[in-house]
Amino acid sequence: MTFDLLASLVPVLAPILIAILVGFIWAKKGTPAEPAHLTQIILNVGTPCLIFSTLSTLTVSPVELGTMAAACVLMLVIFVGTSYLMLRGVGLPHRIYLAPTIFGNLGNLGLPVSLYAFGDMGLELGLIMFATQSVLFFTINMWLMSGKASPLSMLKTPHLYAIAVALAFTLTDTAPPEWVSNTTHLLGGMTIPLMLVMLGISLARMKVVAVARPLVVVCLRLVVGVGVAFGLGWALGLSGPAAGVVFIACCMPAAVFNYLIAVRYDRNPGEVASFIVLNTLTILILLPIIVPIAWWIAETS
C-alpha cells in the first residue's frame, strides 16, 4: 500500500473504527448501555430524521434516485436467489442464515463508509439504498420471519413516512419549513455516530458460539457480493460515486437487526450472532481494500 493511498484511507477509516471502538470498550467496561434501547432511538427517531433531512434536500436527480432504489431492490432479489443456492450447496439451514446473507449492514456501517469515501454525495446515494432496504426489511422480511403477513406493520414503519414526505418536497421542488429542516438535521446528525457506537456495543455483547459454519458463509457471501456489485454496475450502467456506493453496499456484512429478529422469533440467535460478529470483523479488516476498490470503480466506470 503506497503512502499516498494510506494517507487517503486514514481520514476515511479512522472515524469509523474509532467510533466502533468507543462502543466496544464502553460495553466491555460494563458501563450501562443497552443495544435494544439505542436501536429504538436510532430506528424511530434518528434514522427517519436523517432520511428526511437528506432526501428533502437531494442534489441527485430523480432518475439517479430511482436508479439507486432499483439497484437496492435488484441487489436484494439477487441475494435471495444466490444465498438460497449457496446455503443449499454447503448444507446450511436457510432458517438461520438466509436473512443475514440477504440484508447487509447498509446503515451502521454502510452509511459512514459511503459518507467518508464519497462525501455528501456518497451519503445521499447510500441513504437511498438504506431507506429502500429498511422498508423491505421491516415489512416483507418481518412477515416472512413471523410467518404471517401484517400490512399494519408497514404502517408502523417510520422510515416509510419520512421517505414519502421528503420525496413530496423533493419532487415538487419545494423547500420544507426551516424549523422542520433544522430539527431533522439536528436529530439526524446523531444517527451515524450512534449507529457506529451501537455496532461496537453489539459486537462486544454478542457471543461467538460457532466458527466453522458461519465463516464458510462469510467467505462465500463476500465473493457473491463482489460479483453482484460488478453485475449491477454493468446492467444499470452505473458510474462515478453511484457505482462505488453500490459496490460498498454489496460488500457490507450482515445487519445487526438480523440478530434482534432472530432473538424475537427464536431463529438460533447464537449462530446468527456468530455469523454477524465474524462477518463484521472480516469486513472491518478488509475495509482498507474495499474502499480503494470502490474509488477505482468510481473513477473508471
Tell me, please, whether a residue that is under 22 Å from residue 232 (Cα atoms) and of a type in the set (S, T, N, Q) can be found in region 93-106. yes
Can you work out which of the residues in region 253-301 that are of a type in the set (Gly, Ala, Ser) and modelled with pLDDT of 95 or more is nearest to the chain's Cα centre (by Cα)? 294
Consider region 196-226. How many of its residues are buried (at least 18 other Cβ atoms within 10 Å of the Cβ) and outside any helix (DSSP H, G or I)? 1
How many residues does region 238-251 hold that are under 16 Å from the mean Cα position of the chain (by Cα) and surrounded by fewer than 23 Cβ atoms within 10 Å (Cβ to Cβ)? 0
Restricting region 285-301 to residues that are touching a helix residue (DSSP H, G or I) at 6+ places or on another chain (Cβ under 9 Å) and among the aliphatic types (A, V, I, L, M), the one surrounded by the fewest Cβ atoms within 10 Å (Cβ to Cβ) turns out to be 286
Looking only at region 91-129, filter to residues that are among the aromatic types (Phe, Trp, Tyr) and buried (at least 24 other Cβ atoms within 10 Å of the Cβ); which one of those is farthest from residue 253 (Cα to Cα)? 118
Condition check for residue 91: on the phi > 0 side of the Ramachandran plot and either free of Cβ contacts under 8 Å to residues at least 40 places away in the same chain or among the aliphatic types (A, V, I, L, M) (or both): yes
Quick one: count up the residues across region 231-250 that are in a helix (DSSP H, G or I), out of contact with any strand residue (DSSP E or B) (no Cβ under 9 Å at 6 or more places or on another chain) and in contact (Cβ under 8 Å) with a residue 60 or more places away in the chain. 12
Can you name the residue in region 227-237 that is more than 18 Å from the chain's Cα centre (by Cα) and aliphatic (A, V, I, L, M) and is also surrounded by the most Cβ atoms within 10 Å (Cβ to Cβ) among such residues? 236
Being outside any helix (DSSP H, G or I) and surrounded by fewer than 14 Cβ atoms within 10 Å (Cβ to Cβ) is the filter here, so list the residues in region 20-33 that pass it. 29, 30, 31, 32
Scanning for something at pLDDT 85 or above, within 30 Å of residue 174 (Cα to Cα), β-branched (Val, Ile, Thr) and crowded, with 16+ Cβ neighbours inside 10 Å, does region 34-49 turn up at least one residue? yes
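For (1) assigned to a helix (DSSP H, G or I); (2) in contact with a Lys or Arg (Cβ under 8 Å, 6 or more places away or on another chain); (3) at pLDDT 90 or above, each residue gets a yes or a no:
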| residue | (1), (2), (3) |
| --- | --- |
| 59 | no, no, no |
| 70 | yes, no, yes |
| 80 | yes, no, yes |
| 95 | yes, yes, no |
| 98 | yes, no, no |
| 101 | yes, yes, yes |
| 114 | yes, no, yes |
| 120 | yes, no, yes |
| 126 | yes, no, yes |
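The values are calculated or read from the model by the stated rules, or taken from the named source; none is laboratory data. All figures in this text were calculated on a predicted structure; none of them were measured in a lab. Glycine also receives a Cβ, built like all others from the backbone with ideal geometry; neighbour counts cover every protein chain displayed.
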